[in-house]
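A short worksheet on the structure shown next.
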Amino acid sequence: MRTLALAVSGRGLVDPAEPVIRADDEALARGRAVFETLRVYGGAPFRLHEHLDRLARSAILVGIQEPDQAELERLAALALGRAAVPDAVLRFYWTPGPPDGDPVAVALVTAIPAWIEPARERGQHLLSLLSPRRSAPWLLAGTKSTSYAANMAAELEAKRRGFDDALFVDADRVVLEGPVTNVWWRVEQTLYTPALDLGILAGETRATLVELAGGLGYSVTEGAFALDEALREADEVFTSSSVREVMPVVGVDEARFPRGPAAGELQVALRRLAGGEGS
Ligand SMILES: Cc1ncc(COP(=O)(O)O)c(C=O)c1O
């Protein structure tokens with residue numbers, strides 16, 4: 001992660017090499033803190049308020065104080081001004097702080113990871129891995145808590161076995177999501193994606209692609225789909241996230257998929273929308 005700028009509550013712009021979280025912050029002790037990751041296009045964060053609203057929902061589920069959205073917006077503007085680049089990744093962290101102190105708000109601007117565009121050219125290979133379906137809110141389904149180590153461990157496991165990333169399925173092999181992505185597949189003119197009530201993250205990119213699909217001649221069907229049946233029928237597979245945008249998938253486990261038109265068309269439409277909309 002190449003850091004371009006950092007802003008912290010009560011301090012303003014901070015040298016990215018400076019420490020910002022105390023050792024007795026609950027974020028470190030128990031992983032009880034929340035975060036958001038979003039894409040900056042033309043210097044403006046895309047869907048900023050939607051991401052801040054999701055941060056607030058995550059904070060409620062984790063059981064910490066709700067974030068100060070105005071403060072986070074101020075910090076984002078400061079950090080983006082300092083970074084002064086059109087395209088970047090903006091991250092927010094909101095921690096409860098130390099027992100005797102205030103919550104900590106952080107806005108961090110980093111460069112777009114260099115591996116993304118080559119991976120988009122090549123397409124990714126995913127490995128299906130078991131993840132329990134999490135329907136109880138206290139299991140933090142669809143919550144961007146900083147306890148993401150299990151998601152990262154799944155990505156590592158996929159890489160260790162020669163794949164690019166993981167694809168979570170539940171005990172009945174119902175398709176869920178990736179460690180940091182939502183998943184999609186196309187059968188003719190219909191795009192399929194797992195329903196939010198399966199206990200997956202309500203991706204902002206997912207929501208944007210649902211909006212864009214109709215204009216490109218695709219319908220969207222959300223539901224609970226068995227992986228093996230989905231793989232048999234799919235003409236094309238891709239994932240979506242704020243940072244990776246629309247990422248073609250050319251293999252899941254042993255199955256192989258051709259590159260199809262939908263991922264490319266949605267990627268172009270997403271960039272056009274983001275470029276026009278700013279925040
Ligand atoms: C588990 C999970 N699913 C899906 C996504 C995609 O969400 P978004 O499109 O809002 O980036 C993410 C993003 O980090 C994620 O962590």
Quiz item: In degrees from 0 to 90, rounded to the nearest 10, what is the angle of the helix 204-213 Cα long axis to the longest principal axis of the chain?
Solution: 40
Practice problem: Write down the radius of gyration of the chain and its Dmax, each obtained from C-alpha positions, in Å. | Solution: 18.8, 58
Exercise. Measure nothing fancy, just the Cα-based angle from helix 48-62's long axis to the longest principal axis of the chain, in degrees from 0 to 90, nearest 10.
Key: 80
Quiz item: Can you give the angle from 0 to 90° between the axis of helix 261-277 and the longest principal axis of the chain, with both taken from C-alpha atoms, to the nearest 10?
Solution: 30
Quiz item: Given labels modelled 7 Å from the Cα in the Cβ direction, how far is it in nm from R11 to W115?
Solution: 2.9
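Taking N as the number of residues in region 66-199, what value does Rg over Cα atoms divided by 2.2 N^0.38 Å take?
On the way: Rg = 18.1 Å, N = 134, 2.2 N^0.38 = 14.1 Å.
Against the empirical 2.2 N^0.38 Å value, I get 1.28 for region 66-199.
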Exercise. Under a 10 Å cutoff between Cα atoms, tell me which one of F238, F168, F225 has the largest fluctuation in the Gaussian network model of the chain.
Key: F225
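Among the chymotrypsin sites (Phe, Trp or Tyr not before Pro) in region 50-153, which ones are in a DSSP loop with at most 11 other Cβ atoms within 10 Å of the Cβ? Mind listing them?
Details: sites: F92, Y93, W94, W115, W138, Y148; in loops: W115, Y148.
Taking region 50-153 and a limit of 11 other Cβ atoms within 10 Å, the loop chymotrypsin sites (Phe, Trp or Tyr not before Pro) found are W115.
What is the extension gain from D53 to T221, computed as 0.36 nm multiplied by their sequence separation minus the C-alpha to C-alpha distance, in nm to one decimal? Each step should come with its number before you reach the end.
Values: separation 168, 0.36 × 168 = 60.48 nm, distance 2.51 nm.
Length difference between fully extended and current span is 58.0 nm.
If DNA, RNA and ligands are ignored and the probe is 1.4 Å, what is the ranking of I60, I112, I21, I200 by accessible area, most exposed first? Numbers along the way, then the final one.
Numbers: I60 105, I112 50, I21 70, I200 10 Å².
If we order I60, I112, I21, I200 from most to least accessible, we get I60, I21, I112, I200.
From largest accessible area down, sort M1, M152, M247; use a 1.4 Å probe on the protein chains.
Numbers: M1 155, M152 75, M247 0 Å².
Highest to lowest solvent-accessible surface, that is M1, M152, M247.
Would you mind getting the Kirkwood hydrodynamic radius of region 161-279 from its Cα pairs, rounded to one decimal in Å? Could the numbers behind the result be given before it?
Values: mean 1/r = 0.0695 Å⁻¹.
About 14.4 Å for region 161-279.
So what's region 127-230 giving for Cα Rg divided by 2.2 N^0.38 Å, two decimals? Could the numbers behind the result be given before it?
Numbers: Rg = 13.9 Å, N = 104, 2.2 N^0.38 = 12.8 Å.
Here the answer is 1.08, to two decimals.
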Self-check item: Gain on full stretching of the segment that runs from T190 to A202 - 0.36 nm per residue minus C-alpha separation
Solution: 2.3 nm
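Excluding S58 itself, what net charge comes from residues whose Cβ is under 9 Å from its Cβ, given Lys and Arg +1 and Asp and Glu -1?
Details: positive: R54, R57, K144; negative: E36.
Taking every other residue near S58 into account, the sum is +2.
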Practice problem: Rounded to the nearest 500, what is the 222 nm mean residue ellipticity of the chain from helices alone, with -39500 (n - 2.57) per DSSP H run of 4+ residues and division by all residues? | Solution: -9500 deg cm²/dmol
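The values are calculated or read from the model by the stated rules, or taken from the named source; none is laboratory data. No experiment lies behind these values; they were computed from the predicted model shown. Positions of Cβ are backbone-derived with ideal geometry, glycine not excepted, and every protein chain shown enters the neighbour counts. Protein only, heavy atoms only, side chains kept; ligands, DNA and RNA dropped before computing areas. Shrake-Rupley method; radii C 1.70, N 1.55, O 1.52, S 1.80 Å.
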